[in-house]
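No value in this document is a laboratory result; all are computed from the given coordinates. Just so it is clear, the structure is predicted and the values come from calculations on it, not from any experiment. FYI the Cβ positions are ideal-geometry reconstructions off the backbone, even for glycines, and counts take in every protein chain you see.
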Amino acid sequence: MAEETGQLQDSAESTTVVVIGAGPAGMAVATLLRHSGIDCVVLERRSRDHVAQRQRAGIVETRAVRMFDSWGLTDRVLGGVPYDGILEFRVDGRSRLVSDSDGSDGPPARLCPQQVLVQKLTTTYLEDGGDLRFEAADVSLHDLTGDRPTVRYRTADGTPRTITCDFVAGCDGDRGVSRTTVPDGALTTYAFDHGIGWLTVLADAPPPAHPLLAVSREGFAAHFPRGPRSSRYYLQCPPDDDPDAWPDTRVWDALRTRLGDPGLVSGPITDREIFRLRSLVHDPMRYGRLFLVGDAAHIVSPMGGKGMNLALYDADLFARAVRDSVQGDDTALHTYSARCLRRVWNDQEFSHWLTRTLHDAGDAEPFLRNLARARLDRLFTSPAAASAFAELMTGLDPTGDAMAREVPGNLSALGGD
Ligand SMILES: Cc1cc2nc3c(=O)[nH]c(=O)nc-3n(C[C@H](O)[C@H](O)[C@H](O)COP(=O)(O)OP(=O)(O)OC[C@H]3O[C@@H](n4cnc5c(N)ncnc54)[C@H](O)[C@@H]3O)c2cc1C
């Protein structure tokens, strides 16, 4: 009887959108929906502390800052400091500064670490009365092609819960449950392995004057700010290398050599990991009433800093589409996937170009190395090339958005794409 009552209470829970995952994508979707007065429930598998400490990206690009500005949320959701748009390339120890300022008076990019963005979005959402449930276990999605999907999960104490909704936002990253719920064959997956590994190291060490990308015969290296006394470093390595093969002394020696900076100040290393550079796109980013947002739909290799920024782009389009739908217009829901994918492929291309250029310019075979160095030469000497680069770095390039206007309204029923 108690269980029966529990089930009745569960099935009584209802909302407009269930958001799976409380990373940048999920918290951006939830904050924008809440800001629009639309009900949603966020289910996150991990604890609040765990999510709030996950350190990855470091720059919210200009386009994303202006997106938050258009919602009137910049001051509440963005921490960090404005970024002057200057990127340093160091080729065999020789420094070249490239600016990605767009020359307008609009707000610039922000040096805002990912965990700070997630913490601030979470605080804003909760202050606005949002419903966020951490440690939600065994999340499962049902009836995605029906009129009212259902999401089931267990609370931290094991109590089963059920929520019905109009839409599910799958914001649970590459290894989440949302995309894996979609039946085989409904999505096409495009995957690419760059054959490159990066040792990534987080350290309590002084940040560089500007984000720094370095090329040398010893391989690629990078040094990025992650706070007033914190830096993230990258070192190219074989994709199957072992982090234990990189003790502190080897890390700092390699960084000093590849960055061409014998005086580089070291500090305690707080995190060290090796990952493969890979790219992934799932098409379409929707199945019935499930909409994939952020890494659940696409992985971009970190070069160019696009992954988190694409998640914010998707979140913005999805929130606006739900807002329209609540007011009776489903057009933007129908074009959501096509519009997002245009920008995804645009950013994949930029990231792939930059990845190849900076790695081939280092230790690749001579023909490829000379091609890559010619590309860098063009970037450093041609104002047109520098301008195109700046457009892509800021995210202000019109490609994704301008082409999006050409997408014919795909007015198929919500049940299928
Ligand atoms: C080392 C590294 C460096 C990077 N650097 C940059 C950079 O400089 N610039 C940039 O723009 N991007 C960068 N990225 C990419 C960026 O971190 C991701 O694109 C971003 O985290 C995507 O956000 P998301 O919310 O889509 O996914 P995630 O951040 O993966 O969040 C998904 C959330 O869903 C939760 N979840 C998963 N499964 C479930 C489930 N079954 N039920 C409930 N919740 C679930 C997870 O716990 C998590 O909180 C980097 C990535 C890495 C790995």
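Observations on the model:
- Extension gain for residue 148-residue 127 works out to 4.7 nm (0.36 nm per residue, less the C-alpha to C-alpha distance).
- For the chain, built as a Gaussian network whose Cα springs stay under 10 Å, the top-fluctuating residue of 254, 222, 136: 254
- Within-11-Å neighbourhood charge of residue 25 [Cβ basis; K, R +1; D, E -1]: -4
- Near residue 111, once Lys and Arg are set to +1 and Asp and Glu to -1 for all other residues with Cβ below 15 Å from its Cβ, the sum equals +2.
- Among 94, 323, 45, the largest mean-square fluctuation in a Gaussian network model of the chain, built with springs joining Cα atoms closer than 10 Å, belongs to 94.
- Extension gain, residue 365-residue 54: 0.36 nm per intervening residue step, less the Cα-Cα distance, totals 108.3 nm.
- Hz values of 3J(HN,Hα) by residue in segment 213-227 - Karplus curve (6.51, -1.76, 1.60), Gly and Pro given as x: 10, 10, 10, 7, 4, 7, x, 6, 8, 8, 9, 10, x, 9, x
- Here segment 252-304 has an Rg and Dmax of 18.6, 56 Å, counting Cα atoms alone.
- Taking 0.36 nm per residue of separation and subtracting the Cα-Cα distance, full extension of the segment from residue 81 to residue 95 would add 2.6 nm.
- Rule-of-thumb Rg ratio for segment 163-288 [Cα; 2.2 N^0.38 Å; N residues]: 1.39
- Over the chain, DSSP H runs of length four or greater, each weighted -39,500 (n - 2.57), average out per residue to a 222 nm ellipticity of -12000 deg cm²/dmol.
- P(r) tail for the chain: Cα pairs beyond 38 Å make up 23% of the total.
- A Förster distance of 22 Å, applied to the separation of the beta-carbon atoms of residue 331 and residue 353, puts the FRET efficiency at 0.10.
- For segment 272-292, backbone nitrogen atoms closer than 14 Å to the point 7 Å from residue 248 Cα along Cα-to-C-beta are found at 272.
- Other residues within the sphere of radius under 9 Å centred on the Cβ of residue 394, judged by their own Cβ, net out at -4 (K and R +1, D and E -1).
- 3J(HN,Hα) from dihedral phi, segment 158-168, Karplus parametrisation 6.51/-1.76/1.60, rounded to Hz, x for glycine, proline: x, 6, x, 9, 9, 10, 9, 7, 8, 9, 10
- Segment 329-343 - phi-based ³J(HN,Hα) in whole Hz, Karplus 6.51/-1.76/1.60, Gly and Pro as x: 10, 8, 3, 5, 5, 5, 9, 3, 5, 4, 5, 4, 5, 4, 6
- Kirkwood hydrodynamic radius of segment 22-131, from the reciprocal of the average inverse Cα-Cα distance over all distinct pairs: 15.2 Å.
- Gaussian network model of the chain, springs between alpha carbon atoms under 10 Å - residue of 72, 328, 106 with greatest fluctuation: 328
- Rounded to 5, the percent of DSSP beta bridges in the chain classed as antiparallel: 75
- Debye intensity ratio I(q)/I(0), log10, segment 107-214, q values 0.10, 0.21, 0.23, 0.24 Å⁻¹ (C-alpha model): -0.54, -1.26, -1.36, -1.41
- Nearest 10 degrees, 0 to 90: helix 383-394 Cα axis against the chain principal axis: 40
- Sequence-distant residues sharing a close amide H with residue 287 (under 5 Å, placed H): 292
- Restricting the calculation to Cα atoms, every distinct pair contributes to the Kirkwood radius of segment 341-401, found to be 12.3 Å.
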